[in-house]
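See below for the structure under consideration.
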Ligand SMILES: Nc1ncnc2c1ncn2[C@@H]1O[C@H](COP(=O)(O)OP(=O)(O)OP(=O)(O)O)[C@@H](O)[C@H]1O
C-alpha cells in the first residue's frame, strides 16, 4: 500500500514497490478501508470470495454520503452510448478494465476532470491485457485529487508480495481428470448425480454454452439448467444471475463472463469442462465456490495434451490439485 499522499498510480512501474494489502485478513481489510477513507490510493489483493468488495464499497459510500457525488458502474454488456453520455459527469466510477479501456478509446467526452474516485475491480486484467502503458497515461491525466483503489484476486507481477501459502481457499477441494472421449456423457452423469447441488460449469465460448444448454434442456437431466454468456444483453444476464441465486439446486452453464467478480452464494461445485486459458482464469473460475469460509469442490476436465502445461502453471501458482484416475472415484451414476 502506498502511504504517501495520493501518488500517481502506475500499475506497471510503481505499484509493486511497496507491499500491497492482503484484504483477506480482517485486520488488513480494516486497514485498507481506513487508508481509502483517508483519501489514499490503495492496491488490494486477496483470494476469491474473501470480501474485497466491502473494502472498496465502504469508502465509496462514505465519499458519496458526504458530498453529493454521482456514481456510475461501468461494465460490459450495458448500453455504451448511454454510458458515454454520462461518464464525463460522473464523480465516482467503479469499473472493469475492459470497459474502461473501451471508453478511453471510443468516448471523446471522457476527460475525467470531475472524477474523484476510480475503483478498478479485477485490476490484474489490465496488465494481462497489455494495457499498463495506456492506463499509466490516463492516470497521469486524471485530476491530482482523485483516488484510485484497485482490487484483484490473482497475483501478477505487481502483487507478487502477497505471501499466501496457497492461492485458492483452504476450504476448496480441487481435483482434475483427463478425459479425451465421452466428455458430454461424463457431464450428463455428473449432473444426474448432483441433483441436490448447485453447480457452475465453465465452457470455452458462447456457442458451446448455447449449444450444450439446448442439448441438455432436451435431455431433461432432472434439475434446472441456466445459461450465462457474453452474447446476452446485460438485462438478460442479470435475470439469469438472479434466477440462479434464488434456486436451491441448479446448474449454470457459463463462459468466463461468470468467472470473475460475480458473487454466487452457496455454489457447491465448479466444473471446468474445458481447460482454462491460464492459471489465473482457473483461480477465478474455482473462486465461484468456497466463498467466505464456506466449503466447495472443483473439478477440472483436461485433455491428455493439456495436462503437463496446465499442471505446471497451477503448481507455480501454488494451487493444490489432485488427479482422479477414474471418474468412478466419485461414485457417479453413469447413464449411457
Ligand atoms: N465480514 C463478512 N462476514 C460475512 N460475510 C462476508 C463478510 N465479508 C464479505 N462477506 C461475504 O463474502 C462473499 C464474498 O465477498 P466478495 O464478493 O466481496 O468477495 P471478493 O473477494 O470480491 O471475491 P472475487 O475475487 O471473487 O470477486 C459475499 O457474499 C459477501 O457478502
**Study point:** Along each principal axis, Cα extent of segment 27-135, largest first, Å
**Key:** 41, 35, 24
Exercise for review: With a 10 Å radius around each residue's Cβ, average the other Cβ atoms per peptide and rank 111-121, 232-242, highest first.
Suggested key: 111-121, 232-242
Point to revise | Taking all pairs of distinct alpha-carbon atoms in segment 172-329, Kirkwood radius in angstrom | key: 15.7
Check your understanding: Tell me, in nm to one decimal, what length is gained between residue 67 and residue 309 on full extension, where the rule is 0.36 nm per residue of separation less the Cα-Cα distance?
Key -> 82.0 nm
Check your understanding: How much FRET efficiency would the formula 1/(1 + (r/R0)^6) give for residue 105 and residue 211, where r is the Cβ-Cβ distance and R0 is 25 Å, rounded to 0.05?
Key -> 0.20
**Study point:** Peptide ranges 53-61, 286-294, 256-264 listed from the most packed, as the mean C-beta count within 10 angstrom indicates
**Key:** 286-294, 256-264, 53-61
Exercise for review: Give, in nm to one decimal, the length gained when the segment between residue 249 and residue 196 is fully stretched (0.36 nm per residue of separation minus the Cα-Cα distance).
Suggested key: 18.5 nm
Exercise for review: Figure the gain on full extension for residue 27 and residue 293 (residue separation times 0.36 nm, minus the Cα-Cα span) and round it to one decimal in nm.
Suggested key: 94.1 nm
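All of the numbers you see were taken from the coordinates with simple rules; none came from a lab. Computed from a predicted model, the values in this text were never measured in an experiment. Heads up, the Cβs are rebuilt from the backbone with ideal geometry, glycines too, and the neighbour counts pull from every protein chain shown.
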